[in-house]
1. From A:GLN42, A:GLN58, grab the single residue that is open to solvent by 70 Å² or more (accessible area, probe 1.4 Å), within 12 Å of chain B (Cβ to nearest Cβ) and either under 30 Å from B:SER87 (Cα atoms) or not charged (D, E, K, R) (or both).
2. Scan the range A:1-33 residue by residue and report those that are outside any loop (DSSP other than H, G, I, E, B) and farther than 23 Å from A:TRP83 by Cα.
3. Being more than 14 Å from chain A (Cβ to nearest Cβ) and in contact with a strand residue (DSSP E or B) (Cβ under 9 Å, 6 or more places away or on another chain), is that true of even one residue in the range B:95-111?
4. If a residue has to be more than 14 Å from A:LEU102 (Cβ to Cβ) and either within 8 Å of another protein chain (Cβ to nearest Cβ) or touching a strand residue (DSSP E or B) at 6+ places or on another chain (Cβ under 8 Å) (or both) to count, how many in the range B:37-48 make the cut?
5. Taking into account only those residues within the range B:55-94 that are in contact with a Lys or Arg (Cβ under 7 Å, 6 or more places away or on another chain), under 20 Å from A:GLY43 (Cα atoms) and assigned to a strand (DSSP E or B), which is farthest from the other protein chains (Cβ to nearest Cβ)?
6. From (1) in a strand (DSSP E or B); (2) open to solvent by less than 60 Å² (accessible area, probe 1.4 Å); (3) in contact with a Pro (Cβ under 9 Å, 6 or more places away or on another chain), pick out the condition that doesn't hold for B:GLN22.
7. Regarding A:SER84, is this residue farther than 20 Å from B:VAL60 by Cβ, touching a Ser or Thr at 6+ places or on another chain (Cβ under 7 Å), among the hydroxyl-bearing types (Ser, Thr, Tyr) and outside any strand (DSSP E or B)?
8. If you take the residues of the range A:91-103 that are under 14 Å from B:PHE104 (Cα atoms) and of a type in the set (A, V, I, L, M, F, W, C), which of them is nearest to the other protein chains (Cβ to nearest Cβ)?
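The values are calculated or read from the model by the stated rules, or taken from the named source; none is laboratory data. Please read all numbers here as calculations on a predicted model, not as lab measurements. As a convention, Cβ positions derive from the backbone with ideal geometry for all residues, glycine included, and neighbour counts pool all protein chains shown. SASA here: full protein model, heavy atoms, side chains in, ligands and nucleic acids out. Shrake-Rupley method; radii C 1.70, N 1.55, O 1.52, S 1.80 Å.
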Amino acid sequence: AQSVTQPDIHITVSEGASLELRCNYSYGATPYLFWYVQSPGQGLQLLLKYFSGDTLVQGIKGFEAEFKRSQSSFNLRKPSVHWSDAAEYFCAVPTSTGANNLFFGTGTRLTVIP
Amino acid sequence: NAGVTQTPKFQVLKTGQSMTLQCAQDMNHEYMSWYRQDPGMGLRLIHYSVGAGITDQGEVPNGYNVSRSTTEDFPLRLLSAAPSQTSVYFCATRRTRVGNTEAFFGQGTRLTVV
């Protein structure tokens, strides 16, 4: 079955530093892949999504992600982190069931220090 | 255009009590779902619906019931609350069940069972 793994539970970066959050997927064919962000006390919001084509995907808030089939990865990046980026980030993939239910990783909590 | 509306935002129940978490959407989305979010476990699917009159179980359905009598509403019922159901609950909708459609989330309901 399709699934994603986020190996980092918690990451701390300094404001202005670059960021990379890891996501590894398990999928038979070319997957659809999503990154969502959850600010404290809020619901999840879509950052970006990959379906096919260009392997570098641009999203909102200056985020991007790169699909690498050879590494089964879809890592999220941002060149310069802002304090407002502190949140929890989830990678997700549709499952192989008929309803394509979204399967979420366990999340990575990002702390930004001044 | 409110999107996905969940009520209540907070709830405290005693063990054995029942209650209904409400989810309403005004986007005419076919697909609706309920997730629970627990620390370190990401989001786990409870139940989902691909259209009015159609519901099915997700990963963790025990202790919960759902119904979908209209396109707009997808209530989640806790039959006899248990402390293990203490969690944050999210309703999510998608325009269709197709794998590349993004999910839209409500703000969540924080439930505590004592």
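1. Details: A:GLN58 fails: within 12 Å of chain B (Cβ to nearest Cβ).
Just one listed residue meets the conditions, A:GLN42.
2. Correct list: A:SER3, A:VAL4, A:THR5, A:ASN24, A:TYR25, A:SER26, A:LEU33.
3. yes
4. So the count comes out to 3.
5. B:SER87
6. (2)
7. no
8. Step one: list which residues in the range A:91-103 are under 14 Å from B:PHE104 (Cα atoms), which gives A:92, A:101-102.
So of that shortlist, the ones also of a type in the set (A, V, I, L, M, F, W, C) come out as A:92, A:102.
On the way: A:ALA92: 8, A:LEU102: 6 Å.
This residue is A:LEU102.
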